[in-house]
Number of protein chains: 4
Amino acid sequence: MALSDSQVQKMKQKRETILEQATLMFAEHGYNDTTIAKVAKASGVSFGSVFTYFENKDQLFFAAVVEPLQVYAPKLLDFDPNARQPTQELWNMVAKHIKIFSSFGPYLRLVVQVIGYHNRFAEAFAELDAFHNTFRAKIGELVKNGQERGELQIQDAKYAATAYTSFLIGLRVNLIDSPDSQMWEQFVPFAMQLFGAKTD
Amino acid sequence: MALSDSQVQKMKQKRETILEQATLMFAEHGYNDTTIAKVAKASGVSFGSVFTYFENKDQLFFAAVVEPLQVYAPKLLDFDPNARQPTQELWNMVAKHIKIFSSFGPYLRLVVQVIGYHNRFAEAFAELDAFHNTFRAKIGELVKNGQERGELQIQDAKYAATAYTSFLIGLRVNLIDSPDSQMWEQFVPFAMQLFGAKTD
Amino acid sequence: MALSDSQVQKMKQKRETILEQATLMFAEHGYNDTTIAKVAKASGVSFGSVFTYFENKDQLFFAAVVEPLQVYAPKLLDFDPNARQPTQELWNMVAKHIKIFSSFGPYLRLVVQVIGYHNRFAEAFAELDAFHNTFRAKIGELVKNGQERGELQIQDAKYAATAYTSFLIGLRVNLIDSPDSQMWEQFVPFAMQLFGAKTD
Amino acid sequence: MALSDSQVQKMKQKRETILEQATLMFAEHGYNDTTIAKVAKASGVSFGSVFTYFENKDQLFFAAVVEPLQVYAPKLLDFDPNARQPTQELWNMVAKHIKIFSSFGPYLRLVVQVIGYHNRFAEAFAELDAFHNTFRAKIGELVKNGQERGELQIQDAKYAATAYTSFLIGLRVNLIDSPDSQMWEQFVPFAMQLFGAKTD
DNA sequence: GATGAATGAGAGTTCATTCAT
DNA sequence: TATGAATGAACTCTCATTCAT
């Protein structure tokens, strides 16, 4: 018997709730200290139900890492590498990135874990790594564009991109308990310097 | 009857071995996936012996995090904030830091974990945080010195220091599997830019 | 979906079985030499199931000590302190007590342990002590009644009650391996003497 | 090389100290919760030394139970079953017993344990049981003597003796935390009633 | 004789996962 | 689909005992 629309809807909602709670808990307490029972409780379902929506704990973790990527990736990639005014574009991009990074703390802690234990979480890491490469490549393009237009110092664009993503992730690690966006904003100019923006 | 010197020596050695193995495993597999039994095996002792040298697993972890700090801290702080040629001093400092960060990968992964779960590892985090503050403060001094001598752009020295340590830790996270020091060296100029070093 | 009635019934039964086996083993071998694994085996369940019914070993022990009290207490208190014929009532009471004490050997050994280590088993002891006080008080009333009616020697009723419960528990300790009720019956007259029953 | 007298003396002393501490701890915390390490610490010796004086933990426990018996037994048996004035003798005996029982609380808790787990502590129990039989027999003789002289009610002397020792041990269990000898003294008359002493 | 490092059997407990209801 | 009882692998930690010094 096919499920009614409202049923399907309800199930989607439930899955979503579980995933959200799982993300928060995985991020806060790590993989091992997050138990299925706790996630279930926080989600208002029986722990048996978690297995209805996710094959096992590993899959739940994988989903918690990879699915938000679908949401964040487009936002992070939302800039134009061929912009006419690359410095301006860069500034806007950095401001946006910083805003995003300052706000999705929990998820990024998850990301840091996956990177830290990339052997343990090989599949999830592969996804993140793939995005990271795409991300860096696109940033690199914009940097190159900026250099070609004489707005940025000449330096290896790929390294600059890596330096930049490192800076972002490092900020997230260091400012672990500071969701205060105003403080985060202070770091935009530093990112610009990293890119070799000419200081007039 | 007191223990003989050689006895004491042997014990020190054994403790050291256990701690080293523990550090490696904690860094590689995290706190939970590192079992006392595995550490013992890797160290060539019975698991009971681990408890001879460390009260419990938590203490072992704490020691693995805090003791190396005694070794690394002086090296990281080995620069002169009042140097006559601040830019030169800064460059040397960065080069040294990058070299150190590129080489003690395992330990830094441990550090990232502690920061990531600072609630879980509160005591260890407190130690790291204290060092981080000292570290940033001293870097900030050198930056200020550089600004006063007109060698660096004027910007908030504290933020610059934070940006720098974030950059370092972010590099360590991103370049998780690259001990290749030559690649790391490429990032020295970027750090200099972060500090607002004037590009002639 | 709630559990079916038969399910609930089965669980109650299982809990009961575990508790019974635990009581027997705690009584026979003491707290430490009674392992969860042994209790589980004796109860025909996996050791994990013991934790489904009891939070931990301490709780299991507590339940083994306290729950039977609900059963035995009413039986031990089943006499009338204001009886018209106090000596007769006393005799019946003693006979009943002796019968009960002779039969629930295992449980009483548990009780003796709790008293012996009342620091270790503080909560369980508190429960037993509370009952003991109630028990002695009610016996004291009957004794007083008997004295007032001139059937018993005048003596401190509270001490008499304590002497009596001591006698009972002492018999249980001494006759550790004698469930033989006939032998136990022999002690009824001694208890009566303790109460100062006048020997005509 | 033979040991000097003073050395022998010192060792005897050390053994004594260990045994005393062991008795106290076994009595207070039971066999399992009393560790060799704790006993050693309380005795001011290394735990290795405990094994110099006692083969193993079981032997230590055995010694703690049996050796004091050599001290207490003569005191408990110090009465004349053929006394000319049996009631008087009985009174004196009871008074002495009560005094002794009120004072050596820790040791008696040990005794209760051994009786409670006589399977576990079979050898120690055998010693205690043997003494108990001797003890009861001698008391029985005095009771019989009293009956023959018409001072005591006629009743089975052996049961009377058992009732009496039960009463004593029961008091010890019930008054676990009352070393207050004055309260203990109150129970002498009750013991006399147990023996069927004629109340004038 | 005295010491305490080394060992490992064995205990309690957690928790992912299965599966009957 | 939802539930939670049942299971047992795996982990940390304790402690009696051995034995080299």
**OP:** Determine which member of the set C:Ala63, C:Ala73 is farther than 21 Å from C:Leu171 by Cα, small (Gly, Ala, Ser) and in a helix (DSSP H, G or I).
**Re:** C:Ala63
Original post:
(1) free of Cβ contacts under 8 Å to residues at least 60 places away in the same chain; (2) within 13 Å of the chain's Cα centre (by Cα); (3) away from chain C (no Cβ under 14 Å): which one isn't true of D:Val114, the others all being true?
Top reply: (3)
Subject >> Test: residue in the stretch C:30-37 that is open to solvent by 50 Å² or more (accessible area, probe 1.4 Å), near DNA strand F (Cβ under 10 Å from one of its atoms) and within 14 Å of chain D (Cβ to nearest Cβ) >> reply: yes
Original post:
Any idea which of (1) under 30 Å from D:Ile154 (Cα atoms); (2) at pLDDT 95 or above is the one C:Glu185 doesn't satisfy?
Top reply: (2)
Original post:
What are the residues in the stretch C:50-76 that are of a type in the set (Ser, Thr, Tyr) and more than 9 Å from DNA strand E (Cβ to nearest atom), if any?
Top reply: C:Tyr53, C:Tyr72
Subject >> Residues of the stretch C:116-144 satisfying the condition of being under 13 Å from C:Val66 (Cα atoms) and either open to solvent by less than 60 Å² (accessible area, probe 1.4 Å) or touching a strand residue (DSSP E or B) at 6+ places or on another chain (Cβ under 8 Å) (or both) >> reply: C:Phe121, C:Ala122, C:Ala124, C:Phe125, C:Ala126, C:Leu128, C:Asp129, C:Ala130, C:Phe131, C:His132
Subject >> Failed condition for B:Tyr159, given (1) open to solvent by less than 20 Å² (accessible area, probe 1.4 Å); (2) among the hydroxyl-bearing types (Ser, Thr, Tyr); (3) facing chain A (nearest Cβ under 8 Å) >> reply: (1)
Subject >> Of residues in the stretch D:1-38 being modelled with pLDDT under 90 and part of a helix (DSSP H, G or I), the one farthest from DNA strand E (Cβ to nearest atom) >> reply: D:Asp5
Subject >> Verdict on A:Leu90 being within 9 Å of chain B (Cβ to nearest Cβ) and closer than 24 Å to B:Ile154 by Cα >> reply: no
Original post:
Quick check, is C:Asn119 away from chain D (no Cβ under 14 Å) and among the polar types (S, T, N, Q)?
Top reply: no
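Quick grid of which residues meet (1) over 14 Å from C:Phe167 (Cα atoms); (2) in contact (Cβ under 8 Å) with a residue 24 or more places away in the chain:
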{"site": "D:Gln153", "(1), (2)": "yes, yes"}
{"site": "D:Phe167", "(1), (2)": "no, yes"}
{"site": "D:Asp177", "(1), (2)": "yes, no"}
{"site": "D:Gln182", "(1), (2)": "yes, no"}
{"site": "D:Phe187", "(1), (2)": "no, yes"}
{"site": "D:Gln193", "(1), (2)": "no, no"}
{"site": "D:Gly196", "(1), (2)": "yes, yes"}
**OP:** Please state which of the following conditions B:Asp78 fails to meet, knowing it meets all the rest: (1) under 21 Å from B:Ala137 (Cβ atoms); (2) part of a helix (DSSP H, G or I).
**Re:** (2)
**OP:** Determine whether the stretch B:32-42 contains at least one residue that is among the charged types (D, E, K, R) and in contact (Cβ under 8 Å) with a residue 24 or more places away in the chain.
**Re:** no
Original post:
Hey, among C:Gln193, C:Gln147, which residue is open to solvent by 10 Å² or more (accessible area, probe 1.4 Å) and within 8 Å of chain D (Cβ to nearest Cβ)?
Top reply: C:Gln193
Original post:
For the stretch B:70-88, does any single residue satisfy the condition of being touching a Ser or Thr at 6+ places or on another chain (Cβ under 8 Å), open to solvent by 50 Å² or more (accessible area, probe 1.4 Å) and within 20 Å of B:Ala163 (Cα to Cα)?
Top reply: no
Original post:
Where residues in the stretch A:7-29 are open to solvent by less than 50 Å² (accessible area, probe 1.4 Å) and aliphatic (A, V, I, L, M), which of them is nearest to DNA strand F (Cβ to nearest atom)?
Top reply: A:Ile18
Original post:
Which ones in the stretch D:38-62 are under 16 Å from D:Arg120 (Cβ atoms) and either among the β-branched types (Val, Ile, Thr) or surrounded by 19 or more Cβ atoms within 10 Å (Cβ to Cβ) (or both)?
Top reply: D:Leu60, D:Phe61
Original post:
Based on what the data block shows, is B:Val66 more than 8 Å from DNA strand F (Cβ to nearest atom) and either buried (at least 19 other Cβ atoms within 10 Å of the Cβ) or under 15 Å from the mean Cα position of the chain (by Cα) (or both)?
Top reply: yes
Original post:
When D:Ile154 is evaluated against the numbered criteria (1) within 13 Å of chain C (Cβ to nearest Cβ); (2) assigned to a helix (DSSP H, G or I); (3) not small (Gly, Ala, Ser), which criterion, by number, is the only one it fails?
Top reply: (2)
**OP:** Mind telling me which of the residues C:Leu77, C:Leu60 ends up being modelled with pLDDT of 95 or more, within 16 Å of DNA strand F (Cβ to nearest atom), more than 25 Å from C:Asp180 (Cβ to Cβ) and in the same structural domain as C:Ala163 (by TED's automatic domain parsing)?
**Re:** C:Leu60
Original post:
In this structure, is A:Ala42 at pLDDT 95 or above and either more than 14 Å from chain B (Cβ to nearest Cβ) or in a helix (DSSP H, G or I) (or both)?
Top reply: yes
Subject >> Subset of the stretch B:169-188 [more than 7 Å from chain A (Cβ to nearest Cβ) and either crowded, with 20+ Cβ neighbours inside 10 Å or in a helix (DSSP H, G or I) (or both)] >> reply: B:Arg172, B:Ser181, B:Gln182, B:Met183, B:Trp184, B:Glu185, B:Val188
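The values are calculated or read from the model by the stated rules, or taken from the named source; none is laboratory data. As the structure is a prediction and not an experimental result, all values here were calculated from the model. Methodologically, a virtual Cβ is constructed for each residue, glycine included, from the backbone with ideal geometry; neighbour enumeration extends over all protein chains shown. With ligands, DNA and RNA removed, areas are computed over all heavy atoms of the protein, side chains included. Shrake-Rupley method; radii C 1.70, N 1.55, O 1.52, S 1.80 Å.
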